[in-house]
Structure formats: C-alpha cells, structure tokens
1. Counting only helical runs of four or more DSSP H residues, what would the 222 nm mean residue ellipticity of the chain come to if each run contributes -39,500 (n - 2.57) and the total is spread over all its residues?
2. Most fluctuating residue of Pro137, Pro26, Pro96 in a GNM of the chain with Cα springs under 10 Å: which is it?
3. Provide the per residue accessible area, probe 1.4 Å, for segment 1-77, rounded to a whole number of square angstrom.
4. Could you give the nm distance between label points at Arg184 and Ala127, where each point is 7 Å from its Cα heading toward the beta carbon?
5. Could you work out how far apart the two model spin labels at Glu162 and Arg21 are, taking each label as a point 7 Å from the Cα in the direction of the beta carbon, and quote it in nm?
6. Put one equal scatterer on each alpha carbon of segment 6-110, apply the Debye formula with no solvent term, and list log10 I(q)/I(0) at q = 0.11, 0.12, 0.23 1/Å to two decimals.
7. What's the magnitude of the charge dipole for segment 46-144 around its Cα centre, counting Lys and Arg as +1 and Asp and Glu as -1 at the beta-carbon? Answer in Debye, nearest 20.
8. Quote the FRET efficiency, to the nearest 0.05, computed for Asp143 versus Asp56 with a Förster distance R0 of 41 Å and r equal to the Cβ-Cβ distance.
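The values are calculated or read from the model by the stated rules, or taken from the named source; none is laboratory data. Since the model is a prediction, treat every value here as computed from it, not as a measurement. Every residue, glycine as well, gets a Cβ built from its backbone with ideal geometry; the counts of neighbours run over all protein chains shown. Calculation scope for accessible area: heavy atoms of the full protein, side chains included, ligands and nucleic acids excluded. Shrake-Rupley method; radii C 1.70, N 1.55, O 1.52, S 1.80 Å.
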Amino acid sequence: MRRQLRLGVNIDHVATIRNARGGRHPDPVRAARLAAQSGADGITAHLREDRRHISDDDIERLIREIDLPLNFEMAATEEMLTIALRHKPHAACLVPEKREERTTEGGLDVAGGRDHLASFVRRLREAGIRVSMFVEPDAAQLDASLELGADIVELHTGTYCEAEGAARERHLRRLVEAAAHAERIGLECHAGHGLTFDTVGPVAAIATLSELNIGHFLIGEAIFGGLDSTVRRMRALMDKARAEAGGERSA
Ligand code: PXP
C-alpha cells in the first residue's frame, strides 16, 4: 500500500549494537526485512567513512535482499561516490560528516559548498540515482540544492526535536516554512533526525512532506517494545497526524 507520507526506517544502530561485539548479531538486514513487514516504505543506511556502524557488506546485502527502496546516506567523497555508483541505490542523501561527531550534526552547507558538491549531484543523477540534500530548514540551502540539480531536500529536524516549549514551536515554524518553500520551487521534501513518538506528530502534519527518515529512536525503543510494534506505532502516529491535518491517510 502506498501512503502519501512514507516512513524510511534507518537501521544504522542495529549495526552499532552488532559491532559492539564484532559478530553478526543483530543483523541490520534482518531488521530491514522486519521493518518492511511492519509498514516501512523505505530503508535508510549511512555508510560512514569510519564504518562505525553500517559496513560495505551490509549495503551489498540491503541492495540484494531487500525489496524496499534504499536511501543511501553518504558524505560527498570520491570513495562513497564509487560505492553509490556500484550499487545504484534508489536515492543517495548527501550528508555532512565529521569523524569526531557522534551523529550527523547540522545540515549540509549546500550554499557554501556548491563548487565541491555540484559534480557529486551530477554524477549520481547521471547514474539514475535520485539525489537528496540533508539541510537545515533554510531557504538559501533549498535554493542552492535546486540550483545544483538535486531532486529532494531532507530537512534536519534535530534542533526542533531537542528544543522545548516556545523554542520548539519556533523551530517547527521554520520546518513548516521550509517545506512550503520546497513546494514552491518544485523540490520533493523529506525530513528526519531525532524524531520520536513525542515529536513526530507536528512534523508528520506538514502536508507537503512526503517522507520521514527515523532511526535511533525506533531501534532504541525496539529494545522495550519489539521492532515490529515500534515501527507500527510510529507509522500509526504519522498517519493520525496527517489525517487530522486534513491530508490523505493512504493512496
Ligand atoms: N536523516 C538523515 C539524513 C540522517 O543522517 C539521520 C541519522 O543518520 C536520520 C535521518 C535519522 O536520524 P535518527 O537516527 O536520529 O532518527
């Protein structure tokens, strides 16, 4: 069943737990298969330069064994480009990456990095891979993404999720405005980072968003409730928020 608001399940942190012992368990590909059965519309995985969670073999197996579209998160490096061009995932999401960070901190500076990023966007698109730019909810970053030929912008929801009270409302308004701007200039708009059962509703209610990518919370919560019921509950909260906002539940 195709829904208007897709859920991309990020399985990176299944690999984090596996790598803590260096063996094969728990297997992120098994988690991807289960997420697919539980209502995920896509799988997201970030192959980091230091391979701290997802491995090259995981990417190969995700491509070979999972029917859902793969959103391959990658830094704009020649090494990652070669891997993307070899596997031709459904989409590649360009993200900033720093070795010392614990997770992706902030969005990609597309406006400031045009010269470096242009050839990555072009070569990915020439290979038939949809290109997404992970950016802060900032019109200048969206305009620059369009200028470079990206198909999609994914809005960073981390600051919204971390904020509280009036500050959270303010950050939500930035997301709403950026999603409206993406629609005006003709970019598909996704969002993600830090989303939880508590924070997903207002984001899912933004009618022009077509995909949310969620990982860390789902994998952490699965310890208590199981992956199947956690993914189903997230899916249900997204559908409820979208329905209450007047959008379509499914198509
Ligand atoms: N979207 C992008 C581009 C990301 O880099 C990440 C984290 O890897 C996510 C979404 C998911 O964030 P979280 O794991 O906090 O849900």
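1. My calculation for the chain gives -15000 deg cm²/dmol from helical runs alone.
2. With Cα springs under 10 Å in the chain, the top fluctuation among Pro137, Pro26, Pro96 is at Pro26.
3. I get 45 Å² per residue for this part.
4. With each label placed 7 Å out from Cα toward Cβ, I get 3.5 nm.
5. 3.2 nm
6. After summing over all Cα pairs, the log10 values are -0.31, -0.37, -1.35.
7. Charge dipole of segment 46-144: 320 debye, to the nearest 20.
8. Step by step, r from the Cβ atoms, then E = 0.75.
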